[in-house]
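Below is one structure; the comments refer to it alone.
A short reminder: the numbers here are calculations on the coordinates, not readings from a lab. Bear in mind that the values here come from a model prediction, so they are computed numbers and not experimental data. Cβ sites come from the backbone with ideal geometry, for glycine too, and all protein chains shown count toward neighbours.
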Amino acid sequence: MAESPVPGSAPAPAADTVTVTVDGHAHTFPKGTNLLEACNQVGANVPFFCYHAGLSSPAVCRQCLVDVKGQPKPVPSCYTPVADKMEVTTNSAKVLDIRRQMLEFTLLNHPIDCPICDKAGECTLQKHYFDWDGKFSRNDGIKVHKDKVVDIGKHIVLDQERCILCTRCIRVCDEVAKSPDLVMANRGDHEVLTTAPGRSLDNPYSLNTVDVCPVGALTSKDFRFAMRAWELVATPSVCPGCATGCNIEVHASRDTVYRLVPRINPAVNKHWMCDEGRFTYKTVRQSRVVAPISGGQAVEWDRALDDAAAGLKAVLDRSPLGVGVVLSAQSTNEDLHALARLAFDHLGVQKAYVAGKDEGWHDDILVSADKNPNTAGAKAIGGGRLRSLADLSRDLKAGSLVALLVLGEEGVLGADPATMPLDKLDTLVVLACHHNDLVDAAKVVLPLTAWAESDGTFTNKLGMVQRIRAALAPAGDSLPGWEALSHLARRLGATMEFTTAKQVFIEARDKHPFMRGADWGRPILPVQLRFANSRG
Amino acid sequence: MAVGVKVVARPGSLKQQMYLPAIAEGMGVTFRHFIKNFVGNVTGNRDKTDIVTIEYPEQKKKYPERFRGLHRLMLRDDGQVRCVACMMCPTVCPAHCITIVPEETADGRIEKRPKLFEIDELRCVVCGLCAEACPCDAIRMDTGEHAKPTYRRADAVLDKEELMSRGIKSVAVQGGVGAFWREKPEVANTGQVQSANGSRSGADTVPAQIVPEGPPAGPVVAAK
Amino acid sequence: MHMWETIKGSFEYGHPGFTGLSALIKIVYLMLAFGPGLASILTWMERRQSSLMQDRLGPNRANIGRFKAWGITHFLADALKFMVKEDFVPVKAHKFLFALAPVLALAPALIVAAIIPFGAPLCWGHLTEIVPTGTCGQAVDLQIARLDVGILFYFAISSLSVYGATLAGWSSYNKWAMMGGLRASSQMMSYEVTMGMAVLSMFLIYGTLEPGAMVAQQGYWPWQWGIWGIPTALSFFLFLTAAIAETKRTPFDIPEGEPEIIGYFVEYSGLRFGMFFLGEFIEIVFSSALMVTIFLGGWHLPFLDGLADRVPNIAFVLITHGAWIVKVFLFTGFQLLIRWSLPRFRSDQLMQLGWQRLLPVSIANVLITAGWILYSR
Ligand code: SF4
Ligand code: SF4
Ligand code: SF4
Ligand code: SF4
Ligand code: SF4
Ligand code: SF4
């Protein structure tokens, strides 16, 4: 993940720009741009540890020192705003020497645990060492030893020896989580990171400290020793944990997800995501429906589709009014569009309901109360027909529903299954990802891919249509919802000839105003992190 | 895009280009040998000196010092496995035949070690990259043994205990060149990557059974 | 009693029962005993002969108790090994075709034996009498089927074995096998053309395609055999080259090419591999037999002209059959000599040789033969 330009560094009107000479070449930057960002934007490659584009600049690591003409001493570029006619040198012998010496300081007592350090392969210290130093240690004495494996919070383990005292983690707690859990203690060689008196690192954004830590001092208990970073393949996607829709990368290897990390999007989540969202990957492969089920038996797709179509057709032939569909706020816009097209346009279904996870806690940092990633999309695609689960319960009790087609098993039964007398239905077809009581009650179950196995888009609470990408192969025989629905449609006499998610997306975009202007994005080839540079 | 084709003129006369005379000549050579040995075999006085066959297992060829044999896992001074589950070897292994599941230890000294360490000797292509990649001198291929034939595939997957059973204590400093390298004045910091006191093939690390005895005199060392 | 007479009658000479039974005996003998038997021994002979050619010892260990016989029982050990080895089928292989392929490779190799005459005709009812050639009223051909299409039958059947190789390659779900299968099909098809042309010129000379008739036209004396004469020697050379290419043996073993792709049977093990293996050697046996038939006087025993007029028929038949066996055996030995002397061609060289050298030569050969016949008439 490359450091993105700070928000506001986009080209601005000429009056607000300054001209700075970096290594002999004049460049124009907006006023107020930080000198480090400016240099790196034009390819000067100034190294740094403590600076983070999403945090304040304390200038403690002294790694980004550059020469500015007229200044008696080298200046920390992360702490200096650009000024007109500034002349900066980032590659003089003196600057390189200082850079090397600063690295040597940082490495003086560093334990060099790389073989067992989770950060190895994506460690900023490793990268800078190879880029700028590459020398053997000149340390004669015994290294200062500090505590290793310190449990400082629910999700996090600290290795004080590896810490290079950059204070990024402290700033994340202070500035992002607004929970000052971490502090520095002692001085000089013995300075250590530790928890603030009486606190532990337990805020809902604590794992961001692991991401920002340029070294392996903070490690996630969940990811610890699970997989070497260089083996992981990053797939850009969107967190399915709540309506905020934080942009993430899914880090997977050999068809297993190992972690989710935030991806920069200044308009949504900036550099961060919540801890809860990070663990949404855990359920991806849990209690999955891996094969179509018909009448309680695992069957072939063809058989299940035939049974589902026959069941629906029997009711449809009597009257489309007896058929209802349930849209899920967990499904992608593409799946929802395919269902809407089948149910509303082809079959003439009138009754539509929306289901999803229950509301939960929220804060005003990132987390939304709505725990579904695509409520906005489901509401927009369902349109005026959509009714609530309470209405579904009422219709079921009244017996006005004879057949029900459900896309997504999540939350349909609500808190009390007794309110949903499903046994009154002739036909219950569920497109489901995970097993639950609804799936057990269904006549036909069609297995769906999980979000991490699907290509598609989610609409977050701000109305932004964001792309998710498949990071894993589908579990078992599962298919994406739009594909399963296309097969079903063909058996119901409707023509829905979708062969790719992109086709569905394009059709949906042309149809639904809320998707107008959305972009499917380019195909992204899987890249192993070992080829993607340091993430620190 | 035109593919560049370079036509190489074949040298030689028509006779050479026809191959047939050369083929006949070659077959003449093999036929002569056949007749000579056939007659020798039948009459029972075949010239034994030009037989190149090594009659394994009665005779064995002497392996070179750097022969890559069955893997083994080296031990720490206290007999624990030296491997720190750094995953370098499975990363570099071109055959994907090393499976390691790391674990944390309660032992304060060792943070990470392999809970499971398996090498599938059937998949191994004996490239030696694992031993090359190991930063801890934990995995070696210097046993001088072949992977044993087995009746079941599963038996060819060697587990940690099996691999450790061949291991010996390594004299390399755990962790490589550490802070104390100047305590060994004879080792100069040349700036080259080498371990302080026990490079990979240093005499003191080579186990007794394959101590090199100089180059073998002939290709065959007859067994007693 | 009446019934018994009828049955007995139908087994008298010239009746369907007799014809059927004699054919069955010939099939069992040639296709199930002689062919596979010699092929099995060839598997050992190949290794033994190559070792002698290369100053090695070769397989000499296998024994049954004290019976060692230079390790000849290695072929039994091999058969046993093939039988008890794991029968491995790749998960994604096409199960049916995967099982069918070895059969398709083995069966044609056996079936081609049908047209090969392997001895002088028996004279039924006069086995112990002296029956001069051509005077027998109740002749039983030592040939399974006397077909007028003769050699064409050989072509038709032997080209079927390309299915074995190609299907094996395709059904294994392995890219190397696939490549081997493709190589095998392209190679076999290319060389069939040359082979056909070589036979065409022999057809011009003999005026028949029936192998029995071809043998009859060749005399006892080696200089009366088909191989002599400019056009026929060329035909022999072309046929031999193409036949080796058809059997996919070195120097034409590109479909297998051990150091590069292993070939179409890379996924086969145990008995199924054994079938490919045996099929290859049976092909050698019967292609040798065919060449002996066309070019080397078939079952004619050299230097013993007029033997039929001196010994009882049964002895004559056995002697000629023995002569045929010896010729075939020596010819297979010659094929092994070639296999262990020449290095493998490259794929493009193979195609070049087939299409740019051998094919023009074989066409020219047909023309020369035709001209020669026209001239000598
Ligand atoms: S923090 Fe970086 S340099 Fe330090 S031990 Fe870990 S990987 Fe190595
Ligand atoms: S733990 Fe990491 S982020 Fe925190 S101060 Fe140390 S090096 Fe910086
Ligand atoms: S705030 Fe919501 S979308 Fe963002 S990471 Fe947390 S759960 Fe996921
Ligand atoms: S020798 Fe090569 S193939 Fe075998 S385990 Fe080591 S790295 Fe893997
Ligand atoms: S490279 Fe060495 S230390 Fe690392 S996992 Fe392999 S054997 Fe263990
Ligand atoms: S695998 Fe390698 S070493 Fe073994 S026979 Fe083939 S080429 Fe030779």
Would you please give the residues with an amide H less than 5 Å from that of A:H434, counting only those at least 5 places away or on a separate chain, with H modeled from the backbone geometry?
-> A:V289, A:E409
Please state, rounded to one decimal and in Å, the Kirkwood hydrodynamic radius that segment A:179-257 gives when every pair of distinct Cα atoms enters the mean of 1/r.
-> 15.2 Å
Output the antiparallel fraction of DSSP beta bridges having both residues in the protein assembly as shown, as a percent to the nearest 5.
-> 70 percent
How far apart, in nm, are two points set 7 Å out from the Cα along the Cα-to-Cβ line at C:L76 and at C:V149?
-> 4.2 nm
Net charge near C:A109 (other residues with Cβ under 10 Å of its Cβ; Lys, Arg +1; Asp, Glu -1) is -2
Starting from the Cα gyration tensor of segment C:54-141, take the square roots of the eigenvalues, sort them a ≥ b ≥ c, and report rounded, prolate or oblate (rounded when a/c is under 1.5, otherwise prolate if a/b is larger than b/c, else oblate).
-> oblate
A:D113's amide H: which non-local residues (gap 5+, or another chain) put their own amide H closer than 5 Å, with H modeled 1.01 Å from N in plane and none for Pro or chain starts?
-> none
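Just to check, using Stokes-Einstein with a Kirkwood Rh over alpha carbon pairs, what's the diffusion coefficient of chain C at 37 °C and 0.692 mPa s in µm²/s?
148 µm²/s
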For each pair in A:K282/A:K424; A:K351/A:K424; A:K119/A:K143; A:K351/A:K443, compute the distance between the two Cα atoms and list the pairs where it is over 28 Å.
-> A:K282/A:K424
Would you please calculate the Kirkwood hydrodynamic radius of segment C:1-121 over all C-alpha pairs and express it in Å, rounded to one decimal?
-> 18.6 Å
Inter-part gap, Cα centre of segment A:54-83 to Cα centre of segment A:340-405, in whole angstrom, is 54 Å
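Under a Cβ-only charge scheme (Lys and Arg +1, Asp and Glu -1), can you give me the dipole magnitude of the protein assembly as shown about the Cα centre, in debye to the nearest 20?
In debye, rounded to 20, the protein assembly as shown gives about 1740.
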Residue of C:V84, C:V266, C:V103 that the Gaussian network model of chain C assigns the largest fluctuation, springs spanning Cα pairs under 10 Å | C:V84
Report the calculated FRET efficiency for C:A69 and A:H25 (r = Cβ-Cβ distance, R0 = 56 Å), to the nearest 0.05.
-> 0.05
What is the distance in Å between the Cα centres of segment C:209-240 and segment A:445-469?
-> 77 Å
Quote the FRET efficiency, to the nearest 0.05, computed for C:I363 versus A:H362 with a Förster distance R0 of 51 Å and r equal to the Cβ-Cβ distance.
-> 0.05
Net charge near A:V299: determine it from the other residues with C-beta under 15 Å of the C-beta of A:V299, scoring Lys and Arg +1 and Asp and Glu -1.
-> -2
With charges only on Cβ, +1 for K and R and -1 for D and E, what is the dipole size of chain C about its Cα centre, in debye, rounded to 20?
-> 840 debye
How long is the gain from A:D345 to A:F130 if the chain were fully straight, where each residue apart is worth 0.36 nm and the alpha carbon distance is subtracted?
-> 71.3 nm
What percentages, rounded to whole numbers, describe P(r) for segment A:132-199 computed over all alpha carbon pairs with 10 Å bin width beginning at zero?
-> 18, 46, 24, 11, 1
With the dipole of segment A:254-385 defined by +1 on each Lys or Arg Cβ and -1 on each Asp or Glu Cβ, the option from A:G324, A:T375, A:A309 whose Cα lies farthest towards the positive pole is A:T375
Furthest towards positive pole of dipole, C:W324, C:T247, C:V311, structure part segment C:90-376, Cβ charges | C:T247
Set A:K313/A:K511; A:K127/A:K270; B:K62/B:K148 screened for pairs whose C-alpha atoms are more than 21 Å apart | A:K313/A:K511; A:K127/A:K270
For segment B:92-148 and segment C:295-321, compute the distance between their C-alpha centroids and round to whole Å.
-> 71 Å
Could you run the Karplus curve 6.51 cos²θ - 1.76 cosθ + 1.60 with θ = phi - 60° over segment C:158-172 and give me ³J(HN,Hα) per residue in whole Hz, x for Gly and Pro?
-> 5, 5, 5, 5, 5, 5, x, 5, 5, 5, 4, x, 6, 7, 6
Once you have a ≥ b ≥ c as the square roots of the Cα gyration tensor eigenvalues for segment A:17-105, tell me rounded if a/c is under 1.5, and otherwise prolate or oblate according to whether a/b is larger than b/c.
-> oblate
DSSP-defined antiparallel bridges as percent of all bridges, chain A, nearest 5 | 65 percent
To the nearest 10 degrees, the tilt of helix A:389-398 (Cα long axis) against the first principal axis of the alpha carbons of chain A is 10 degrees
Using θ = phi - 60° and the Karplus form 6.51 cos²θ - 1.76 cosθ + 1.60, what ³J(HN,Hα) does each residue of segment C:313-327 get, whole Hz, x for Gly and Pro?
-> 3, 4, 5, 4, 4, 5, 5, 5, 5, x, 4, 4, 4, 4, 4
Listed residue (A:V210, C:W355, A:N34) projecting farthest to the positive dipole end of the protein assembly as shown, Cβ model = C:W355
Compute the projected area of the convex hull of the Cα atoms of chain A, averaged over all viewing directions, and report it in nm² to one decimal place.
-> 27.6 nm²
Residues A:K282 and C:A315, FRET efficiency given R0 of 56 Å [Cβ-Cβ distance, rounded to 0.05] | 0.05
Amide N of segment C:343-361 lying under 12 Å from the label point, which is placed 7 angstrom from the Cα of B:V3 along Cα→Cβ = C:348
Per-residue [θ]222 nm for the protein assembly as shown (sum of -39500 (n - 2.57) over DSSP H runs n ≥ 4, rounded to 500) | -10000 deg cm²/dmol
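In debye to the nearest 20, how big a dipole does segment B:72-165 give about its Cα centre with +1 on each Lys and Arg Cβ and -1 on each Asp and Glu Cβ?
Numbers: 13 positive and 17 negative charges, 34 e Å.
The calculated dipole for segment B:72-165 is roughly 160 debye.
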Reachable lysines, given that their alpha-carbon falls under 16 Å from the alpha-carbon of A:K94 and they are not under 8 places away in the same chain = A:K69, A:K73
Taking a ≥ b ≥ c as the square roots of the eigenvalues of the Cα gyration tensor, with a/c under 1.5 meaning rounded and otherwise prolate when a/b exceeds b/c and oblate if not, the protein assembly as shown is prolate
Using a simple spin-label model with points 7 Å from Cα along the Cα→Cβ vector, what separation in nm is obtained for C:K92 and A:A398?
-> 5.4 nm
Lys and Arg at +1, Asp and Glu at -1: neighbours of C:R146 with Cβ under 15 Å from its Cβ sum to -2
Tell me, what ³J(HN,Hα) does each residue in segment A:163-176 have, in order and in whole Hz, if you take phi through Karplus 6.51 cos²θ - 1.76 cosθ + 1.60 with θ = phi - 60° and put x for Gly and Pro?
-> 5, 9, 6, 7, 6, 4, 5, 4, 5, 4, 5, 6, 9, 9
